[in-house]
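The values are calculated or read from the model by the stated rules, or taken from the named source; none is laboratory data. Small disclaimer: the values here were computed from a predicted structure and weren't measured. Glycine also receives a Cβ, built like all others from the backbone with ideal geometry; neighbour counts cover every protein chain displayed. Accessible surface is based on the protein model in full, side chains and every heavy atom, while ligands, DNA and RNA are left aside. Shrake-Rupley method; radii C 1.70, N 1.55, O 1.52, S 1.80 Å.
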Amino acid sequence: LTRIEQGLSGRVPGVQVKLSDGTPGAAPQIRIRGVGSISAGADPLFVVDGYPTDNIQTLNPNDIESLDVLKDASATAIYGSRGSNGVVIINTKRGVSGKPKITFDAYSGMQKVTKLPEFLTRDQQAQYHYDAIKNRNIDEGRSVAGDPTTWGIRVPQTVLDVLSGKNTNNTNALDSILRPAWQRSYNLAVSGGSDGFKYLLSGEFFDQDGIIINSNFKRYSTRANFDVQLSKKASLKVSINPSFTNNDNVVAAGGGAGPSTSIIGTATSAHTYYPLYNTDRSYFVYQTVDASTDLFNPLALVLEKSDKFKRTRIQSNANLDYKFTPDLRLNLLFGATIDNTKGYSFAPQLPAFLNNPATGTDYASGGYNWIGEYTLNYNKKFGKHSLAALAGYTAQEDYLE
């Protein structure tokens, strides 16, 4: 799995999971009990080892021990309005008593487009173009006798060259920008401990290529989980999860005409009887050519335009549990997340980009999130009856700059 949310697909009633974007590393769309608002967000709240968070892109799916979905209002009430779209409870693996246990997991797979749109062939497209112009001349009362380049509305020379066999170019721009996309994952974990101290250490490297060339997602993730029995009444759980992700992005969606940077849009708009490269290996320029609208060269968009995004994220939390009596328990949770992102994009001035001025952006952001949660639980059985009570207080702050 690229992301843990994909493991929910088709397994939990009332939960819809679908990929809304084919970008490597993109988050699936999750809807619990449908859409509750038109204008507000509809994403669920994620709680990892007791820590509420809105981003689990950096979480290693191999670190997951269990995953539960809270759908009912009564079950999500403790999280207030944040749980109005449902809550996904994630618990990571912990160490167990015994000798150190080392596990290594690796896999590799490939993604490939299995169904592409069917287009007219080069000759069919040229004939269609020719017939369209001929019929338009007839509809407007113009003569279609003689040389088609002399008609009132002229047939482009390129179209005539294709029909006569002079132009034999047959370039499928869509095939040129797509590829079989490999993904690889390597995971190493060490766990063990004693009754008083247990540990789990893990590391992951995940590398996913996109089906459009020069698109990629990499994730480097480590985790350290410690369980300490401080006394007969007190126990402590500590989790530390540093991670780093690196995205090489491309613009896939959008139309193709004019100065569009959509790679799929331009590739599906480029006629097969024009090449992507000139004979001198420079990019073909889709501008002022006789049988096409102005376009950015789709291969140049892939190879010459840069769009990178990097994220460094450290999430940690400590959970202290203290039993006053067998029925009364105090739980203290303290956690913090440090999140830093940096990205840039650049498109040079090239004839292949219709000589539009070079554009570029460079941006960075940083922030933190901390939480302090204090809960008191009371559970008592009286014969056939039982009493459960919960009191709690939570303080949480987000800061972004």
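Miscellaneous remarks
- Remark: Y344 falls outside the filter, which requires a residue to be in contact (Cβ under 8 Å) with a residue 24 or more places away in the chain, within 26 Å of the chain's Cα centre (by Cα) and either surrounded by fewer than 11 Cβ atoms within 10 Å (Cβ to Cβ) or not in a strand (DSSP E or B) (or both).
- Looking only at segment 23-37, and only at residues there that are farther than 17 Å from R219 by Cβ and at pLDDT 75 or above, the one that is most open to solvent (accessible area, probe 1.4 Å): Q29
For (1) at pLDDT below 95; (2) buried (at least 21 other Cβ atoms within 10 Å of the Cβ), each residue gets a yes or a no:
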site	(1), (2)
V228	no, no
S231	yes, no
K237	no, no
V251	yes, no
G254	yes, no
G258	yes, no
S262	yes, no
H271	yes, yes
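- Any chance A291 is touching a Pro at 6+ places or on another chain (Cβ under 6 Å) and either modelled with pLDDT under 95 or farther than 17 Å from G210 by Cα (or both): yes
- Taking segment 208-222 as the range and being touching a Leu at 6+ places or on another chain (Cβ under 7 Å) and either of a type in the set (D, E, K, R) or outside any strand (DSSP E or B) (or both) as the test, the residues that pass are I211, N214.
- Subset tally (residues that are in contact with a Phe, Trp or Tyr (Cβ under 6 Å, 6 or more places away or on another chain) and either open to solvent by 80 Å² or more (accessible area, probe 1.4 Å) or not in a loop (DSSP other than H, G, I, E, B) (or both)) for segment 121-157: 2
- Members of segment 215-225 found to be over 18 Å from L59 (Cβ atoms) and surrounded by fewer than 22 Cβ atoms within 10 Å (Cβ to Cβ), listed by number: N216
- Pairing residues of segment 253-276 that are on the phi > 0 side of the Ramachandran plot with residues that are aliphatic (A, V, I, L, M) and open to solvent by 50 Å² or more (accessible area, probe 1.4 Å), at Cβ distances under 8 Å and at least 6 apart in sequence or on separate chains, gives G254/I264.
- Only listed residue being assigned to a strand (DSSP E or B) and not aromatic (F, W, Y), chosen from S235, S260: S235
- Annotation for segment 2-22: at least one member residue is of a type in the set (K, R), open to solvent by less than 30 Å² (accessible area, probe 1.4 Å), at pLDDT below 80 and not in a helix (DSSP H, G or I).
- Scanning segment 274-326 for residues that are within 16 Å of V250 (Cβ to Cβ), crowded, with 16+ Cβ neighbours inside 10 Å and polar (S, T, N, Q) yields a single hit, N297.
- Flag: G95 matches the condition of being more than 20 Å from the chain's Cα centre (by Cα), open to solvent by less than 40 Å² (accessible area, probe 1.4 Å) and modelled with pLDDT of 90 or more.
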